[in-house]
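Asks: Please find one structure pasted underneath; my questions will follow.
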């Protein structure tokens, strides 16, 4: 009986070890980012969620309307649609945004009617994924002090171990692609990337803390890779 119990324990231990997820191969962090940028460039579309916490990031030149979050879809090469949560004096509301190349429309905060936005108002979500000034270029050109932290699973992400890469990021390109909301100072970033496909699952960007100010943190999540939705300019009345 004792021998059977010992044998059962050994077999159970072997089973647990066999079922444990093997870590992905360790690669240079520069190669991980390069392959992630190439994968993003090749995607036909995906879903994204952008969350911001900390000091206000103003969308308008007058500094009265600040960005809180955005959730939407990107379709290559230059179309996005999103629901954007904004904060104004005495008001927290959602507005709809559609971007086609450099042109951007938004529903009016007060009337709900579609209107075309001036070029200097807010940031165009489509620019985040532009090959020249968007995340792909940031991944391949703007990281400094790059390191592979290790691997981990996200509680709300894919059921697999992800590469975790961190580093400092030059802020000039980030400033351009975000319409002045991020940067232009150096920022810190941490990325979660799928080893199986090199898809970027999450980017966490932390801006420098100004005196007497709370940290400003941007979290961008990506999902539904390859999904393509119809995005057309809105009908204005």
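Asks: Run residue 224 past the list (1) at pLDDT below 95; (2) out of contact with any helix residue (DSSP H, G or I) (no Cβ under 6 Å at 6 or more places or on another chain); (3) under 24 Å from residue 42 (Cα atoms); (4) surrounded by fewer than 17 Cβ atoms within 10 Å (Cβ to Cβ) and report the number of the one that doesn't hold.
Replies: (1)
Asks: Now, a different point. Pull up region 76-95, narrow it to residues that are outside any loop (DSSP other than H, G, I, E, B) and free of Cβ contacts under 8 Å to residues at least 24 places away in the same chain, then point me to the one that is surrounded by the most Cβ atoms within 10 Å (Cβ to Cβ). It would help to see each step written out before you state the result.
Replies: So in region 76-95, the residues outside any loop (DSSP other than H, G, I, E, B) come out as 79-88, 91-95.
Next, from what is left, pick out any that are free of Cβ contacts under 8 Å to residues at least 24 places away in the same chain: 83-85, 91, 93-95.
Numbers: 83: 13, 84: 22, 85: 17, 91: 10, 93: 15, 94: 16, 95: 18.
The extreme case among them is 84.
Asks: Another question, if that's okay. Is it the case, given these coordinates, that residue 109 is part of a loop (DSSP other than H, G, I, E, B), within 15 Å of residue 60 (Cβ to Cβ) and touching a residue at least 24 places away in the same chain (Cβ under 8 Å)?
Replies: Working: part of a loop (DSSP other than H, G, I, E, B): yes; within 15 Å of residue 60 (Cβ to Cβ): yes; touching a residue at least 24 places away in the same chain (Cβ under 8 Å): yes.
Here the answer is yes, as residue 109 does meet what is asked.
Asks: Could you check how many residues of region 18-75 are part of a loop (DSSP other than H, G, I, E, B) and more than 26 Å from residue 207 (Cα to Cα)?
Replies: Number of matching residues: 10.
Asks: Which condition number does residue 161 fail, the rest of (1) at negative phi; (2) at pLDDT 95 or above; (3) within 16 Å of the chain's Cα centre (by Cα) being met?
Replies: Of the numbered conditions (1) at negative phi; (2) at pLDDT 95 or above; (3) within 16 Å of the chain's Cα centre (by Cα), the odd one out for residue 161 is (3).
The values are calculated or read from the model by the stated rules, or taken from the named source; none is laboratory data. On a predicted model such as this, the values are computed, not experimentally measured, just so you know. Note that we place each Cβ from the backbone using ideal geometry, even for glycine, and neighbour counts take in every protein chain shown.
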